[in-house]
Every structure is written in structure tokens, then in C-alpha cells.
Amino acid sequence: MGEAEVIKKVIKDLERLKIPYFVTGGFAVSVWGRIRTTHDLDVIVAVSLKDIEIFKEIFNITDFYFSKEAAKQAVLAKTTFNVIHHETGLKIDFWILRNDVFGKFQLRRRKRAKFLDRSIYFISPEDLILIKLQWYKESESERHYFDALSIYQTQKMLNKKYLERWAEIQGTMKFLERIKKDVKILL
């Protein structure tokens, strides 16, 4: 089983078990912006402690490394846990959906897109830009800025009022303004 088959299986299982999810990170940047390499799959999931038992069904010990204890801690702390496919080495980072207004908006605004011949949920382009701007603000990693720039440049139907409202709330408006200027220069 290759990485593509592993990703398809994981998404299929999440949908079969009705676990709310959406893909974010490098794979989402490749869908909404420029194609770029990534070494893992980032998935945001809306789960509680009782849902962790379900993950044992998806990630059997034969095919995957999965720590039930790490998953429980991630749910309690609203952080991340990972699963690793033994054969391919593919790492899947599961981020627990934030239980705040922005997290709820992200889940409501997720969008389906074709990926690996499947229709799967991705974070919306606007929310991915906002997340990337937050990461840029915190880490000053240019990769996050250029990811956000590529999405802004590629997506022609962005909800700019939504972007501006949330950039103001999260304190990243100066970075959004920089993106707007950089896009004009690139045109």
C-alpha cells in the first residue's frame, strides 16, 4: 500500500465513522495555492475522549503506530497527536478542533475538493490563509507567509471581508496587507 492509498483509506474511514474532519497543512496549500512538498498529512478532527476508541478501529496495530494515551492527552489539551503507517512511514498529524468561535467557523466553512480521485474535505482557502498568517506571526517562518500568499494569489473568489475581519481579530492584519501589496507586484 502506497501513501496515496493510505490517505484514501484514512479519509474513507473518517467519513464512514462520521468523524467531522478537514485536511489542512501542505496538502491543503497544494489544493488552494501552489503545489509544494510535504512529509505528512495534517487533519483537523472534531472528537471527544469517547471517540478515541474509534481511532483504534481505523489504526490497527498491524498497520499503524497509534498511541491511545497520546490521543487522549491531545483531546484534553486541544493539541495534536500523530499516527504513523508502518509500511510507508507516512505520518498523519491529527489536530483537535479548537472549541472556540474560529474553530466552529472552520468546520462550518470546510470545502470539498477533488484529491487523489476522491472528494474530501479541506479547510477553506480563507481559513487556511488565516492559519498560515497566525503561524507566520508566531514563528516568522517565510514558508507560512508564502503559502498564504500563493493561496491569496491563486483563489479569485476569496471572501475578503471574512479574511479582513478575522485578520483583525487575530492580530495579523499587517501581514494580510503585505500579501495584498505583494500580489499587486506579482501581477
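Table for the structure above
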item: Matching residues in region 24-46 - criterion: being within 20 Å of Y65 (Cα to Cα) and either basic (K, R) or buried (at least 17 other Cβ atoms within 10 Å of the Cβ) (or both); result: L41, D42, V43, I44, V45
item: Some residue of region 12-22 being in contact with a strand residue (DSSP E or B) (Cβ under 9 Å, 6 or more places away or on another chain), among the charged types (D, E, K, R) and either in a helix (DSSP H, G or I) or without any contact (Cβ under 8 Å) to a residue 12 or more places away in the chain (or both); result: yes
item: Cβ pairs under 7 Å, 6+ apart, first in region 168-187 and under 15 Å from D147 (Cα atoms) and charged (D, E, K, R), second modelled with pLDDT of 95 or more and assigned to a helix (DSSP H, G or I); result: D182/L149
item: Residues satisfying the stated conditions in region 100-116, i.e. farther than 17 Å from L130 by Cα and without any contact (Cβ under 8 Å) to a residue 40 or more places away in the chain; result: R112, K114
item: Any chance Y136 is buried (at least 17 other Cβ atoms within 10 Å of the Cβ), among the hydroxyl-bearing types (S, T, Y) and under 29 Å from I61 (Cβ atoms); result: no
item: Some residue of region 56-64 being surrounded by 13 or more Cβ atoms within 10 Å (Cβ to Cβ), within 17 Å of F122 (Cβ to Cβ) and among the aliphatic types (A, V, I, L, M); result: no
item: Hey, I61 assigned to a helix (DSSP H, G or I) and not polar (S, T, N, Q) or not; result: no
item: Which numbered condition A70 misses (of (1) part of a helix (DSSP H, G or I); (2) closer than 30 Å to I169 by Cβ; (3) of a type in the set (G, A, S)); result: (2)
item: Scope region 87-133; condition within 13 Å of the chain's Cα centre (by Cα), surrounded by fewer than 21 Cβ atoms within 10 Å (Cβ to Cβ) and in a helix (DSSP H, G or I); matching residues; result: G103, L107, R109
item: Filter pass, D147 being in contact (Cβ under 8 Å) with a residue 24 or more places away in the chain and either assigned by TED's automatic domain parsing to the domain that holds T172 or in contact with a strand residue (DSSP E or B) (Cβ under 6 Å, 6 or more places away or on another chain) (or both); result: yes
item: Every residue from region 27-54 that is without any contact (Cβ under 8 Å) to a residue 24 or more places away in the chain and not in a loop (DSSP other than H, G, I, E, B); result: S30, K50, I52, E53
item: Positions within region 139-162 being surrounded by 12 or more Cβ atoms within 10 Å (Cβ to Cβ) and either in contact with a Phe, Trp or Tyr (Cβ under 8 Å, 6 or more places away or on another chain) or hydroxyl-bearing (S, T, Y) (or both), in sequence order; result: S141, H144, Y145, A148, S150, I151, Y152, T154, Q155, L158, Y162
item: Residue match in region 80-87 (condition: within 20 Å of Q134 (Cα to Cα) and aliphatic (A, V, I, L, M)); result: no
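The values are calculated or read from the model by the stated rules, or taken from the named source; none is laboratory data. It should be emphasised that the depicted structure is a prediction, and the values quoted were computed from it without experimental measurement. Note: ideal-geometry Cβ built from the backbone for every residue, glycine included; neighbour counts use all protein chains shown.
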